[in-house]
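The next block holds one structure in the form of C-alpha coordinates; read it before the comments.
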Amino acid sequence: MKARSGTRSIAGRLIFSAALLMLGATLPAKAEMIGNCEVTGTKGSDPIKPAIEGQLTVQTSLPAPAWWNGDSPDAMKDGYEYCMAQIMAYRAGLDKVKIVNVSFDALVAAQTKDFDIALAEISITDKRKQVVDFSTPYFDSDIGVAVKKGTTYTPDTVKDMRIGVMQGTTGASFVDKNLKPKEVKVFSDTGALSTAIMANQIDAGLHDTSIMLGVATNSHGMIEVPAQYTTGESYGALYPKGSANEAVFNKMIDDMKKDGTFAALSKKYLADAWGADPAKIPYVKP
(Lines give C-alpha, C1' and ligand atoms only; values in the text may rest on other atoms or scores of the structure.)
Protein backbone atom coordinates (compact mmCIF):
# COMPACT_ATOMS: atom_id res chain seq x y z
CA MET A 1 0.00 0.00 0.00
CA LYS A 2 2.78 2.43 0.81
CA ALA A 3 4.45 1.79 -2.53
CA ARG A 4 1.22 2.43 -4.44
CA SER A 5 0.60 5.59 -2.44
CA GLY A 6 4.10 6.80 -3.29
CA THR A 7 3.54 5.98 -6.97
CA ARG A 8 0.29 7.94 -7.04
CA SER A 9 2.04 10.85 -5.34
CA ILE A 10 4.83 10.89 -7.92
CA ALA A 11 2.33 10.56 -10.78
CA GLY A 12 0.29 13.39 -9.33
CA ARG A 13 3.31 15.66 -9.23
CA LEU A 14 4.19 14.81 -12.82
CA ILE A 15 0.63 15.56 -13.98
CA PHE A 16 0.65 18.84 -12.04
CA SER A 17 4.00 19.83 -13.55
CA ALA A 18 2.80 18.98 -17.06
CA ALA A 19 -0.33 21.04 -16.52
CA LEU A 20 1.73 24.03 -15.45
CA LEU A 21 3.90 23.74 -18.53
CA MET A 22 0.83 23.51 -20.80
CA LEU A 23 -0.45 26.73 -19.25
CA GLY A 24 2.87 28.43 -19.92
CA ALA A 25 3.91 28.50 -16.27
CA THR A 26 7.47 27.85 -15.11
CA LEU A 27 8.49 25.63 -12.26
CA PRO A 28 10.54 27.29 -9.49
CA ALA A 29 14.26 26.97 -10.21
CA LYS A 30 16.25 24.98 -7.73
CA ALA A 31 18.99 27.02 -6.11
CA GLU A 32 22.51 25.96 -7.07
CA MET A 33 24.50 24.74 -4.09
CA ILE A 34 28.21 24.45 -3.38
CA GLY A 35 28.48 22.33 -0.26
CA ASN A 36 25.95 23.85 2.14
CA CYS A 37 26.17 27.25 0.44
CA GLU A 38 23.50 28.60 -1.85
CA VAL A 39 25.36 30.44 -4.60
CA THR A 40 24.08 33.62 -6.19
CA GLY A 41 24.96 35.60 -9.28
CA THR A 42 26.24 34.32 -12.62
CA LYS A 43 29.14 31.93 -12.92
CA GLY A 44 32.15 33.57 -14.57
CA SER A 45 30.61 37.05 -14.64
CA ASP A 46 33.60 38.59 -12.82
CA PRO A 47 36.84 36.85 -13.86
CA ILE A 48 40.04 37.44 -11.90
CA LYS A 49 43.72 36.60 -12.21
CA PRO A 50 44.20 34.12 -9.35
CA ALA A 51 47.46 33.78 -7.43
CA ILE A 52 47.32 30.03 -8.09
CA GLU A 53 45.82 28.94 -11.39
CA GLY A 54 42.35 27.42 -11.26
CA GLN A 55 41.47 28.29 -7.67
CA LEU A 56 40.53 31.12 -5.35
CA THR A 57 43.03 31.15 -2.49
CA VAL A 58 41.44 32.55 0.67
CA GLN A 59 43.27 33.19 3.92
CA THR A 60 41.49 33.35 7.26
CA SER A 61 42.19 32.92 10.97
CA LEU A 62 40.45 30.06 12.75
CA PRO A 63 38.44 29.27 14.79
CA ALA A 64 35.63 31.64 13.83
CA PRO A 65 32.27 29.96 14.52
CA ALA A 66 29.32 31.19 12.44
CA TRP A 67 31.79 32.79 10.02
CA TRP A 68 33.68 29.55 9.27
CA ASN A 69 31.97 26.39 10.49
CA GLY A 70 34.41 23.53 10.86
CA ASP A 71 37.43 22.49 12.87
CA SER A 72 39.98 22.85 10.07
CA PRO A 73 40.19 24.31 6.53
CA ASP A 74 39.52 20.91 4.96
CA ALA A 75 36.53 20.29 7.22
CA MET A 76 34.76 23.56 6.49
CA LYS A 77 31.14 23.20 5.42
CA ASP A 78 29.50 26.62 5.65
CA GLY A 79 29.40 29.94 7.50
CA TYR A 80 29.04 33.59 6.50
CA GLU A 81 32.56 34.16 5.15
CA TYR A 82 32.99 30.58 3.93
CA CYS A 83 29.91 30.92 1.73
CA MET A 84 30.95 34.44 0.76
CA ALA A 85 34.22 32.97 -0.54
CA GLN A 86 32.41 30.22 -2.44
CA ILE A 87 30.08 32.74 -4.07
CA MET A 88 32.99 34.97 -5.06
CA ALA A 89 34.83 32.01 -6.60
CA TYR A 90 31.65 31.08 -8.50
CA ARG A 91 31.30 34.59 -9.88
CA ALA A 92 34.98 34.53 -10.82
CA GLY A 93 34.42 31.31 -12.76
CA LEU A 94 36.64 29.20 -10.49
CA ASP A 95 35.63 25.70 -9.38
CA LYS A 96 37.94 25.43 -6.37
CA VAL A 97 38.38 27.41 -3.16
CA LYS A 98 41.57 26.80 -1.18
CA ILE A 99 41.27 27.89 2.47
CA VAL A 100 44.50 28.68 4.30
CA ASN A 101 44.54 29.19 8.08
CA VAL A 102 47.03 31.87 9.14
CA SER A 103 47.89 33.98 12.17
CA PHE A 104 45.63 37.03 12.35
CA ASP A 105 48.51 39.19 13.54
CA ALA A 106 50.66 38.11 10.59
CA LEU A 107 47.79 38.61 8.16
CA VAL A 108 47.09 42.25 9.02
CA ALA A 109 50.84 42.96 9.10
CA ALA A 110 51.23 41.74 5.49
CA GLN A 111 53.43 38.84 6.54
CA THR A 112 51.49 36.21 4.57
CA LYS A 113 51.67 35.60 0.82
CA ASP A 114 50.35 33.68 -2.20
CA PHE A 115 46.66 34.44 -1.69
CA ASP A 116 43.92 36.32 -3.54
CA ILE A 117 41.76 37.55 -0.68
CA ALA A 118 41.51 37.26 3.10
CA LEU A 119 38.20 37.04 4.94
CA ALA A 120 38.72 36.98 8.70
CA GLU A 121 36.35 39.53 10.28
CA ILE A 122 39.03 42.16 9.74
CA SER A 123 38.26 45.71 10.86
CA ILE A 124 39.39 48.37 8.41
CA THR A 125 41.89 50.76 10.01
CA ASP A 126 44.21 53.45 8.69
CA LYS A 127 47.20 51.76 10.27
CA ARG A 128 46.52 48.47 8.50
CA LYS A 129 45.98 50.31 5.21
CA GLN A 130 49.64 51.24 5.25
CA VAL A 131 50.65 47.65 4.42
CA VAL A 132 47.54 45.97 2.98
CA ASP A 133 44.54 46.98 0.89
CA PHE A 134 40.89 46.65 1.92
CA SER A 135 37.64 46.17 0.08
CA THR A 136 34.59 48.32 0.59
CA PRO A 137 32.97 47.30 3.92
CA TYR A 138 30.67 44.28 4.00
CA PHE A 139 29.77 44.12 7.72
CA ASP A 140 29.54 46.59 10.61
CA SER A 141 30.89 45.53 14.01
CA ASP A 142 31.43 46.92 17.49
CA ILE A 143 33.38 45.41 20.42
CA GLY A 144 31.54 42.90 22.57
CA VAL A 145 32.19 41.78 26.13
CA ALA A 146 32.12 38.01 26.78
CA VAL A 147 31.98 36.77 30.36
CA LYS A 148 31.22 33.55 32.20
CA LYS A 149 27.48 33.49 32.79
CA GLY A 150 26.51 35.38 35.93
CA THR A 151 29.59 37.63 35.99
CA THR A 152 28.78 41.29 36.63
CA TYR A 153 30.33 43.61 34.06
CA THR A 154 29.94 47.39 34.31
CA PRO A 155 32.10 50.41 33.45
CA ASP A 156 32.96 50.52 37.16
CA THR A 157 33.88 46.86 37.68
CA VAL A 158 36.02 46.55 34.53
CA LYS A 159 38.86 48.50 36.16
CA ASP A 160 39.46 45.64 38.59
CA MET A 161 39.04 42.82 36.08
CA ARG A 162 41.44 40.55 34.25
CA ILE A 163 40.69 41.24 30.60
CA GLY A 164 41.54 38.99 27.66
CA VAL A 165 42.09 40.29 24.14
CA MET A 166 43.30 38.88 20.83
CA GLN A 167 46.75 39.77 19.61
CA GLY A 168 46.92 42.48 16.96
CA THR A 169 43.19 43.31 17.02
CA THR A 170 41.30 46.57 17.33
CA GLY A 171 39.79 45.16 20.54
CA ALA A 172 43.26 45.00 22.07
CA SER A 173 43.91 48.60 21.09
CA PHE A 174 40.54 49.69 22.48
CA VAL A 175 41.19 48.08 25.87
CA ASP A 176 44.67 49.60 26.09
CA LYS A 177 43.51 53.08 25.13
CA ASN A 178 40.12 53.34 26.83
CA LEU A 179 39.68 50.84 29.67
CA LYS A 180 43.07 50.35 31.32
CA PRO A 181 42.07 47.38 33.53
CA LYS A 182 44.36 46.02 36.22
CA GLU A 183 45.49 43.11 34.05
CA VAL A 184 45.40 42.32 30.32
CA LYS A 185 46.17 38.92 28.86
CA VAL A 186 46.78 38.49 25.13
CA PHE A 187 45.65 35.40 23.21
CA SER A 188 46.44 34.17 19.71
CA ASP A 189 42.92 33.08 18.74
CA THR A 190 39.31 33.03 19.90
CA GLY A 191 39.51 29.39 20.95
CA ALA A 192 42.18 30.18 23.53
CA LEU A 193 40.28 33.29 24.61
CA SER A 194 37.01 31.43 25.23
CA THR A 195 38.81 28.61 27.06
CA ALA A 196 40.41 31.19 29.37
CA ILE A 197 36.98 32.64 30.20
CA MET A 198 35.50 29.23 31.03
CA ALA A 199 38.57 28.26 33.10
CA ASN A 200 38.39 31.50 35.14
CA GLN A 201 41.82 32.56 33.90
CA ILE A 202 40.30 35.90 32.88
CA ASP A 203 37.13 37.69 33.95
CA ALA A 204 36.10 38.97 30.51
CA GLY A 205 37.12 38.73 26.88
CA LEU A 206 36.79 41.75 24.60
CA HIS A 207 36.66 41.28 20.86
CA ASP A 208 34.25 42.01 17.99
CA THR A 209 30.63 41.63 19.09
CA SER A 210 29.88 39.32 16.17
CA ILE A 211 32.71 36.96 17.13
CA MET A 212 31.93 37.02 20.85
CA LEU A 213 28.33 36.05 20.10
CA GLY A 214 29.66 33.08 18.17
CA VAL A 215 31.84 32.13 21.15
CA ALA A 216 28.82 32.36 23.48
CA THR A 217 26.71 30.19 21.18
CA ASN A 218 29.36 27.48 21.13
CA SER A 219 29.85 27.53 24.91
CA HIS A 220 26.60 25.65 25.65
CA GLY A 221 25.37 28.38 27.96
CA MET A 222 28.60 28.93 29.89
CA ILE A 223 29.44 32.28 28.26
CA GLU A 224 27.25 35.31 27.61
CA VAL A 225 27.65 38.75 26.01
CA PRO A 226 26.09 41.29 28.40
CA ALA A 227 27.50 44.49 26.89
CA GLN A 228 29.28 46.08 23.96
CA TYR A 229 31.15 49.26 23.09
CA THR A 230 30.46 51.30 20.00
CA THR A 231 33.44 51.84 17.71
CA GLY A 232 31.97 52.48 14.25
CA GLU A 233 34.17 49.74 12.83
CA SER A 234 33.47 47.77 9.65
CA TYR A 235 34.85 44.53 8.27
CA GLY A 236 36.52 44.49 4.89
CA ALA A 237 38.11 41.85 2.72
CA LEU A 238 41.89 42.17 2.78
CA TYR A 239 43.99 42.09 -0.38
CA PRO A 240 47.75 41.94 -0.89
CA LYS A 241 49.01 45.49 -1.44
CA GLY A 242 48.47 46.50 -5.08
CA SER A 243 46.30 43.48 -5.97
CA ALA A 244 45.27 43.44 -9.64
CA ASN A 245 41.91 41.95 -8.62
CA GLU A 246 40.85 44.68 -6.20
CA ALA A 247 38.37 46.40 -8.53
CA VAL A 248 36.73 43.09 -9.50
CA PHE A 249 36.39 41.91 -5.90
CA ASN A 250 34.98 45.30 -4.87
CA LYS A 251 32.38 45.02 -7.64
CA MET A 252 31.40 41.57 -6.38
CA ILE A 253 30.98 42.90 -2.84
CA ASP A 254 28.89 45.86 -4.00
CA ASP A 255 26.73 43.53 -6.09
CA MET A 256 26.27 41.15 -3.14
CA LYS A 257 25.06 44.06 -1.02
CA LYS A 258 22.54 45.10 -3.67
CA ASP A 259 21.20 41.64 -4.57
CA GLY A 260 20.53 40.59 -0.97
CA THR A 261 23.32 37.99 -0.71
CA PHE A 262 24.84 39.51 2.43
CA ALA A 263 21.45 39.96 4.08
CA ALA A 264 20.67 36.27 3.51
CA LEU A 265 24.08 35.16 4.82
CA SER A 266 23.71 37.35 7.92
CA LYS A 267 20.29 35.94 8.75
CA LYS A 268 21.26 32.31 8.18
CA TYR A 269 24.70 32.18 9.72
CA LEU A 270 24.75 34.99 12.26
CA ALA A 271 21.37 36.04 13.64
CA ASP A 272 19.81 32.54 13.51
CA ALA A 273 22.99 30.85 14.78
CA TRP A 274 23.50 33.28 17.66
CA GLY A 275 19.88 33.35 18.75
CA ALA A 276 20.47 37.01 19.59
CA ASP A 277 20.22 40.32 17.81
CA PRO A 278 23.53 42.18 18.27
CA ALA A 279 21.69 45.49 18.04
CA LYS A 280 19.81 44.63 21.27
CA ILE A 281 22.92 44.05 23.36
CA PRO A 282 23.27 47.04 25.73
CA TYR A 283 25.93 49.60 24.90
CA VAL A 284 28.20 50.85 27.65
CA LYS A 285 30.66 53.72 27.71
CA PRO A 286 34.34 53.34 28.65
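The values are calculated or read from the model by the stated rules, or taken from the named source; none is laboratory data. Since this is a predicted model, take the numbers as computed values, not measurements. Glycine gets a Cβ as well: all are built from the backbone with ideal geometry, and neighbour counts include every protein chain shown. Just the protein is used for accessible areas: all its heavy atoms, side chains included, with ligands, DNA and RNA removed. Shrake-Rupley method; radii C 1.70, N 1.55, O 1.52, S 1.80 Å.
Quick notes
- Solution diffusion estimate, µm²/s, Stokes-Einstein, the chain, Kirkwood Rh from C-alpha pairs, 25 °C, viscosity 0.890 mPa s: 119
- Solvent-accessible surface of protein heavy atoms, probed at 1.4 angstrom with all chains present, puts H220, H207 in the order H220, H207, largest first.
- Taking 0.692 mPa s as the viscosity and 37 °C as the temperature, the Stokes-Einstein diffusion coefficient of the stretch 157-204 based on its alpha-carbon Kirkwood radius rounds to 310 µm²/s.
- Where only alpha carbons of the stretch 35-100 are counted, the Rg and the Dmax (Å): 11.5, 32
- In this structure, the pairs whose alpha-carbon distance is over 26 Å, taken from K148/K285; K185/K285; K43/K98; K77/K127; K251/K280, are K77/K127; K251/K280.
- Principal-axis tilt of helix 2-22 within the chain, Cα atoms, nearest 10 degrees: 80
- Helix-only [θ]222 nm of the chain, DSSP H runs n ≥ 4, -39500 (n - 2.57) each, per residue, nearest 500: -8500 deg cm²/dmol
- Annotation: L265 carries an accessible surface of approximately 10 Å², with a 1.4 Å probe and no ligand, DNA or RNA atoms counted.
- Fully extended contour minus Cα-Cα distance, from K43 to K180, at 0.36 nm per residue: 44.3 nm
- Fluctuation leader among L193, L62, L179 - the chain, Gaussian network, Cα springs under 10 angstrom: L179
- Treating r as the C-beta distance of E53 and K267 and R0 as 25 Å, the FRET efficiency rounds to 0.10.
- Counted charge near G232, where neighbours are those whose Cβ lies closer than 11 Å (Asp, Glu -1; Lys, Arg +1): -3
- Between M33 and T125, the FRET efficiency from the beta-carbon distance, with R0 = 30 Å, is close to 0.25.
- Relative contact order for the chain, counting Cα pairs under 8 Å that sit 6 or more residues apart, in percent: 22
- Radius 12 Å from Cβ of D203, net charge of other residues (Lys, Arg +1; Asp, Glu -1): +3
- Calculated FRET value between S188 and K280, using beta carbons and R₀ = 35 Å, to 0.05: 0.70
- Full extension of the chain segment joining K257 with N200 gains 16.5 nm, where the gain is 0.36 nm per residue of separation less the Cα-Cα distance.
- Largest to smallest accessible area among V175, V184 [probe 1.4 Å]: V184, V175
- Rounded to 10°, Cα long-axis angle of helix 246-258 versus longest principal axis of the chain: 70
- 17 Å tail of the calculated P(r), the stretch 165-275, as % of Cα pairs: 65
- DSSP assigns beta bridges within the stretch 124-251; of those with both partners inside it, close to 65 percent run antiparallel.
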